[in-house]
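J.: Mind looking over this structure? Questions follow.
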Amino acid sequence: MSTQLESDAPPLAGDTTEMTYREAVNAALADEMASDPRVYLLGEDVANDGGVFKTNVGLPEAFPGRVTNTPICENTFIGMALGMSITGLRPVIEVMFSDFLPTAADAIIEELPKFRFMTGGQCSVPVTVRSIGGGTGRFGTQHSATGESWFIAFPGLIVASAGTPGGAYAVLRAAIRHEDPVLFFEHKGLYARKGPVRRSDDAVARVGQGTVLRSGSDVTIVATLLMADRALQAAEELAGEGIAVEVIDPQWLRPFDLPLVASSLERTGRLVVVEEQVHAGGWGATLISNLTLAGATFEAPPLVVGLPDDVLIPYSPSLEDAIIPSVGQIADTVRLLS
Amino acid sequence: VTATVETRISWYRRMLEIRLFEEKVQELFMEGLVQGTTHLCQGQEAVSVGAISTLRDDDYMTITYRGHGHALMRGVPMEACFAELMGRSSGCCKGVGGSMHFTDLDKGLLGAFAIVGAGLPVALGAAYSAKLQGSDRVALTFCGDGATNIGTFHEALNIAAAWKVGIVFIVENNLYGEYTPLRETTPLDDLAERAKAYAIPGVIVDGQDVDAVHAAVATAVARGRAGDGPSLLEMKTYRFRGHSRTDPGKYRPEGELDRWRERDPIVLLGAELASTGTLSADAQSAMRDEVQGLVDSTADRAKEGPVPTMEEVRSYVYAA
């Protein structure tokens, strides 16, 4: 039901340029909307002034009628996306804060991933839900979760994220092109971060393929979103001390690129998981479990840097800073293994 | 809108098909060929037949876990329905979905949902999709009285009204949300009143009268097709059986079921067809026998369907 339509848009084969994570998201949306007229954006305030996080600047003007503000009712507008996706469109939904995802848990857990299955494979469900999460913004307890692991336990759903501008462009485009429902997590603390982005059709990511952000032979760090960015800074710092850190951004949390991490671990023997979430029930815990089940050899027990288990994210700025893993904390943890 | 004689005879037959299908499901349950749970619709047939007969082939609809009648009326083959109930890969959902998920996308039947209220946003999305693509297709979405207390009902009515989407919301008010009488959970007797909150037409319809259902839904469908937006129709109806297979319906006051049986939609239409000389009692009886034969032989054929393999079922999880 969802074959790629002919499009007037020429193939994109741009060079690598520096852009912000926000611009990379914007470019991915624009390029997919240009290449496929079935792509529509919906969400709260998405068409107003570029959207709350300015990721949609220029899109309503470039694609009239294809960027629509919804009422505040996540469960219903994500359920609508299912109806749109099985009748010829490829909706992209923006969820303003990941903390709002639980209001749409029925659509995300019960409907999107189950629909194709329980109808005996009658259709595909090409829906992308972009969800903006993460701390450091002083947004308080109900606007700061990454939410990245809340939905990794559901067959039928794809869960993705990106810790760099280049990743955001490549993964978001892949998500929109994918035939199955994808939940794509962005981090609002990264929007202003700059990095190289290859704006090209052949830069589109492969679903399930993680990426090595920095190569190293001493310790493997696996980190997502803002933590990937901080892990890279920590790796730079540690390089000055002669510690070579490999930093992996898995990007896809379901399916997870276990072979990529396993082969890195074979070389380094040491693993640090850095996650902006509690460890219980997250991709980090699942990764360590799956490596263990696969017989991976750890030269030292793996270490985890994450959110504390006994407190929630507070507003008070110095306290928020204190609980979200810092570059220094990540570096110190790696030093314990070296 | 006055239906032709032929049309009304066909409605009578379609209601009989649904009734005898549901009775057969009960039998197959006792034989162990249908397992788990079923939510049967005996007593509510006029809603399915009257409403769905207003649609074009390219229109959309979503239904609920009490959806056998709607699926049959939409033209899902009876054998595929029986086979689905028996978990066979010849079923309309390859035996994966079972009783609560009768779906046939080729017929515009965009899903049957086992979560109360879940079908409304999906139907709304389909109708909105039609609008975006410049089509005048409409969507019907069926829900029960219980669904009018869940968020998606209100959220979907709100968006449909705000954006003038071509959708018809049909509430089958059978007086009970599962085992609980409506009045214990809801401050209204007439759920059509809820339309006022969304500035759309709200119409109370005798859900036992197939002509009345057809006329009301036809008006609402025409309104949606013309781009004038949604309607909320409340069908006053009754299920003759309990909520689901294990429910004997003992919470119903004495005499209530008998009173509603007097308003059996098949009996009502049958009496009228007989009194006007359109279809005699003998002809009705012959038709019943014929439909019973069809139901029995179709169920027998469905029993021969293959059970799906785990490999088959696994391939339905992801499209890519």
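The values are calculated or read from the model by the stated rules, or taken from the named source; none is laboratory data. None of these values were measured; they are calculated from a predicted model. Positions of Cβ are generated from backbone atoms using ideal geometry, with glycine treated the same way; all protein chains shown enter the neighbour counts. Please note that ligands, DNA and RNA were not included when accessible areas were found on the heavy atoms of the full protein model with its side chains. Shrake-Rupley method; radii C 1.70, N 1.55, O 1.52, S 1.80 Å.
J.: Out of the residues in the stretch A:69-78 that are open to solvent by 10 Å² or more (accessible area, probe 1.4 Å) and touching a strand residue (DSSP E or B) at 6+ places or on another chain (Cβ under 8 Å), state the one that is nearest to the other protein chains (Cβ to nearest Cβ).
T.: Only one residue tops the list, namely A:T70.
J.: Looking at (1) among the hydroxyl-bearing types (S, T, Y); (2) away from chain A (no Cβ under 14 Å); (3) out of contact with any Leu (no Cβ under 9 Å at 6 or more places or on another chain), which is the only condition B:T54 fails?
T.: The one condition B:T54 does not meet is (3).
J.: For the stretch B:250-269, what are the residues that are surrounded by fewer than 15 Cβ atoms within 10 Å (Cβ to Cβ) and either in a helix (DSSP H, G or I) or touching a residue at least 12 places away in the same chain (Cβ under 8 Å) (or both)?
T.: Narrowing the stretch B:250-269 to residues surrounded by fewer than 15 Cβ atoms within 10 Å (Cβ to Cβ): B:250-251, B:253-256, B:258-259, B:261-262, B:267.
Passing the criteria: B:Y251, B:E256, B:D258, B:R259, B:R261, B:V267.
J.: Checking the condition open to solvent by 10 Å² or more (accessible area, probe 1.4 Å), closer than 14 Å to B:I170 by Cβ and within 12 Å of chain A (Cβ to nearest Cβ), which residue from B:Y65, B:Y128, B:Y60 passes? First the steps, then the outcome.
T.: Values: B:Y65 fails: closer than 14 Å to B:I170 by Cβ; B:Y128 fails: closer than 14 Å to B:I170 by Cβ.
Every option except B:Y60 fails the conditions.
J.: Report whether or not A:G120 is open to solvent by 10 Å² or more (accessible area, probe 1.4 Å) and assigned to a loop (DSSP other than H, G, I, E, B).
T.: Details: open to solvent by 10 Å² or more (accessible area, probe 1.4 Å): no; assigned to a loop (DSSP other than H, G, I, E, B): yes.
Spelling it out, it is not the case that A:G120 is open to solvent by 10 Å² or more (accessible area, probe 1.4 Å) and assigned to a loop (DSSP other than H, G, I, E, B).
J.: Return only the number of the condition from (1) more than 15 Å from A:R254 (Cα to Cα); (2) open to solvent by 20 Å² or more (accessible area, probe 1.4 Å); (3) within 14 Å of another protein chain (Cβ to nearest Cβ) that A:R199 does not satisfy.
T.: (3)
Table: residues versus (1) open to solvent by 10 Å² or more (accessible area, probe 1.4 Å); (2) outside any helix (DSSP H, G or I); (3) more than 8 Å from every other protein chain (Cβ to nearest Cβ); (4) on the phi > 0 side of the Ramachandran plot.
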{"site": "A:M80", "(1), (2), (3), (4)": "no, no, no, no"}
{"site": "A:T87", "(1), (2), (3), (4)": "yes, yes, no, no"}
{"site": "A:L101", "(1), (2), (3), (4)": "no, no, yes, no"}
{"site": "A:A105", "(1), (2), (3), (4)": "yes, no, yes, no"}
{"site": "A:E110", "(1), (2), (3), (4)": "yes, no, no, no"}
{"site": "A:F139", "(1), (2), (3), (4)": "yes, yes, yes, no"}
{"site": "A:H143", "(1), (2), (3), (4)": "yes, yes, yes, no"}
{"site": "A:T146", "(1), (2), (3), (4)": "no, yes, yes, no"}
{"site": "A:I152", "(1), (2), (3), (4)": "yes, yes, yes, no"}
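J.: Among the residues of the stretch B:68-85, write down those that are open to solvent by 20 Å² or more (accessible area, probe 1.4 Å) and of a type in the set (A, V, I, L, M, F, W, C).
T.: Here is the first cut: in the stretch B:68-85, the residues open to solvent by 20 Å² or more (accessible area, probe 1.4 Å) are B:73-75, B:77-79.
Matches in the stretch B:68-85: B:M73, B:M78.
J.: Of all residues in the stretch B:196-232 being free of Cβ contacts under 8 Å to residues at least 60 places away in the same chain and part of a strand (DSSP E or B), which is surrounded by the fewest Cβ atoms within 10 Å (Cβ to Cβ)?
T.: Out of the qualifying residues, it is B:V203.
J.: Before we move on, is B:H154 facing another protein chain (nearest Cβ under 10 Å), crowded, with 23+ Cβ neighbours inside 10 Å and either over 15 Å from B:F21 (Cα atoms) or among the hydrophobic types (A, V, I, L, M, F, W, C) (or both)?
T.: no
Quick grid of which residues meet (1) in contact (Cβ under 8 Å) with a residue 40 or more places away in the chain; (2) assigned to a strand (DSSP E or B):
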position: A:R22; (1), (2): yes, no
position: A:V25; (1), (2): yes, no
position: A:L29; (1), (2): yes, no
position: A:L41; (1), (2): yes, yes
position: A:D45; (1), (2): yes, no
position: A:K54; (1), (2): yes, no
position: A:V57; (1), (2): no, no
position: A:G65; (1), (2): no, no
position: A:N75; (1), (2): no, no
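J.: Please go through (1) surrounded by 22 or more Cβ atoms within 10 Å (Cβ to Cβ); (2) in contact with a strand residue (DSSP E or B) (Cβ under 7 Å, 6 or more places away or on another chain); (3) assigned to a helix (DSSP H, G or I) for A:V273 and return the number of the only condition it doesn't satisfy.
T.: (3)
J.: Test each condition in (1) of a type outside the set (G, A, S); (2) more than 23 Å from A:T136 (Cα to Cα); (3) within 14 Å of chain B (Cβ to nearest Cβ) for A:E44 and report the one that comes out false.
T.: (2)
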